[in-house]
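Everything on this sheet refers to the single structure shown next.
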Amino acid sequence: VKVSKYTRHDIEKLIQNKAIIRNKLKINSVINNARKFIQIQKEFGSFSNYIWAFVNGNPIKNAVKNYKKAPPNTPLSDQISKALKGRGFKFVGSTVIYAHMQATGMVNDHVTDCFRYEEV
C-alpha cells in the first residue's frame, strides 16, 4: 500500500539512491505493480487467491532428477505472465513468474533425492 502511493517526488529520491538499481522504468514498474496488486486483492480477496487459482490450489510436484535440468519457465508460467501483463503489470516475464512459483510453493522443483522433496 505504501509503495502504491509513491509520488514523483518519491521516484526522484529513489533515482538518487545509490543503494538500489536506479532504472527509472523498473522503479516506475514497482509502483505500478503495487497498484495492480491491490486491484487484484480487491477483486479476488487476496493476491494468493488469484495466483493459486492457476494451479487449482494444488502445488505442481515435478520429478527433477538433476537441478541443472529444472526448467527456467513453463507453459503455465507463460500463461500467468501473460495474464499479469494483461492486467497491466510490468517486468513479470515467464522466468520471473516461474521463480515466484518455486519460491511460494506453487511448484516443487526440489530434486527427487533432496530431503525436502517429499516434505514439500
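The values are calculated or read from the model by the stated rules, or taken from the named source; none is laboratory data. Remember, predicted model here, so these are calculated numbers, not experimental data. Heads up, the Cβs are rebuilt from the backbone with ideal geometry, glycines too, and the neighbour counts pull from every protein chain shown. Side chains are part of the model used for accessible areas, which takes the heavy atoms of the whole protein and leaves out ligands, DNA and RNA. Shrake-Rupley method; radii C 1.70, N 1.55, O 1.52, S 1.80 Å.
A few remarks follow.
- For the chain, size of Cβ-based charge dipole, Lys and Arg +1, Asp and Glu -1, in debye: 720
- Whole-Å distance, taken between Cα centres, linking the stretch 92-117 and the stretch 18-89: 12
- Cα-based shape type of the stretch 22-85, given that a ≥ b ≥ c are square roots of the gyration tensor eigenvalues and the cut on a/c is 1.5: oblate
- Placing R0 at 35 angstrom, the Cβ-Cβ distance between residue 104 and residue 7 gives a FRET efficiency of 0.70 after rounding to 0.05.
- Per-pair calculated FRET efficiency, R0 = 25 Å: residue 113 and residue 82 via Cβ, rounded to 0.05: 0.15
- Loop-located chymotrypsin sites (Phe, Trp or Tyr not before Pro) in the stretch 1-109, at most 16 other Cβ atoms within 10 Å (DSSP): 91
- The three principal axes of the C-alpha atoms in the chain carry coordinate ranges of 51, 35, 23 Å, sorted with the longest axis first.
- Computed from phi, the 3J(HN,Hα) profile of the stretch 63-76 under the Karplus parametrisation 6.51, -1.76, 1.60 (θ = phi - 60°) reads 10, 7, 8, 9, 4, 5, 9, 5, x, x, 6, 9, x, 5 Hz, with x in place of Gly and Pro.
- Under the simplified labelling scheme, the residue 35-residue 56 pair shows an inter-label distance of 3.7 nm, with each label point 7 Å from Cα along Cα→Cβ.
- Cβ-Cβ FRET estimate between residue 22 and residue 91, R0 fixed at 22 Å, reported to 0.05: 0.90
- Approximating the spin labels as points 7 Å out from Cα along Cα→Cβ, the residue 44-to-residue 68 distance works out to 3.6 nm.
- Solvent-accessible area, 1.4 Å probe, carbon plus sulfur percent, for the chain: 55
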